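**Student:** Handing you a structure now.
The values are calculated or read from the model by the stated rules, or taken from the named source; none is laboratory data. Computed from a predicted structure; not experimentally measured. Cβ: placed from backbone, ideal geometry, glycine included. Neighbour counts: every protein chain shown.
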Amino acid sequence: MLLELALATLMVLITVILHGAGLLVLGRLMEGREQASGRTRISPASIEGAIVAVLAAFGLLILHGLEIWFYAVVYRGIGAVETMRDAVYFSTITYASIGFSDSVIADQWKLLGAIEGINGALLLGWSIAFFVTLMTRFLPARGHRQ
């Protein structure tokens, strides 16, 4: 159990650092867009608004995909899951806290799977907070009358 907890702790640390770095990159890209255009607000009805929203969503999906695959590779590497397909499937449903079944993971690694679920919920929540903050740029500036 100690080895499992140590590995889970390491996985959480790595994914939190990866996630933070990914959000930093996405935030910097948004700042670059603002500096290039000279505007901090985006019209939600504009092509630019649609592009920013779609790119931010894709960026977050890529970030979560990397984290899911990272867990899957570790599951395969330690022999916790028999096939890569099962590892990716298990990691995805666990990370997203869907959790259909833990029957594909070896008994001695089930705690690692449970901790991935907590980690995924935290990282998904962090992404939602980031995305909502980003989307507030679609709102009119304070004091702006329409």
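**Student:** Would the stretch 74-92 turn up any residue that is under 23 Å from LEU18 (Cβ atoms) and touching a Ser or Thr at 6+ places or on another chain (Cβ under 7 Å)?
**Tutor:** Within the stretch 74-92 (the criterion being under 23 Å from LEU18 (Cβ atoms) and touching a Ser or Thr at 6+ places or on another chain (Cβ under 7 Å)), the answer is yes, since at least one residue qualifies.
**Student:** Quick check: anything in the stretch 138-145 surrounded by 15 or more Cβ atoms within 10 Å (Cβ to Cβ) and basic (Lys, Arg)? Give the steps one after another, and end with the answer.
**Tutor:** Applying the first criterion (surrounded by 15 or more Cβ atoms within 10 Å (Cβ to Cβ)) to the stretch 138-145 yields 138.
Next, from what is left, pick out any that are basic (Lys, Arg): none.
Checking the stretch 138-145: not a single residue is surrounded by 15 or more Cβ atoms within 10 Å (Cβ to Cβ) and basic (Lys, Arg).
**Student:** Also, quick follow-up: Has the stretch 94-108 got at least one residue that is more than 23 Å from GLY27 (Cβ to Cβ), assigned to a helix (DSSP H, G or I) and either modelled with pLDDT of 95 or more or under 15 Å from the mean Cα position of the chain (by Cα) (or both)? Spell out how you get there, then give the answer.
**Tutor:** Here is the first cut: in the stretch 94-108, the ones more than 23 Å from GLY27 (Cβ to Cβ) are 94, 96-108.
Still in the list and also assigned to a helix (DSSP H, G or I): 94, 107-108.
The next check asks that each one be either modelled with pLDDT of 95 or more or under 15 Å from the mean Cα position of the chain (by Cα) (or both); those that pass are 94.
Taking every residue of the stretch 94-108 in turn, at least one turns out to be more than 23 Å from GLY27 (Cβ to Cβ), assigned to a helix (DSSP H, G or I) and either modelled with pLDDT of 95 or more or under 15 Å from the mean Cα position of the chain (by Cα) (or both).
**Student:** Here's a follow-up. Could you check the stretch 1-59 and list, in sequence order, the residues that are surrounded by 15 or more Cβ atoms within 10 Å (Cβ to Cβ) and touching a Gly at 6+ places or on another chain (Cβ under 7 Å)?
**Tutor:** If the condition is that a residue be surrounded by 15 or more Cβ atoms within 10 Å (Cβ to Cβ) and touching a Gly at 6+ places or on another chain (Cβ under 7 Å), then LEU26, ILE42 are the ones that fit.
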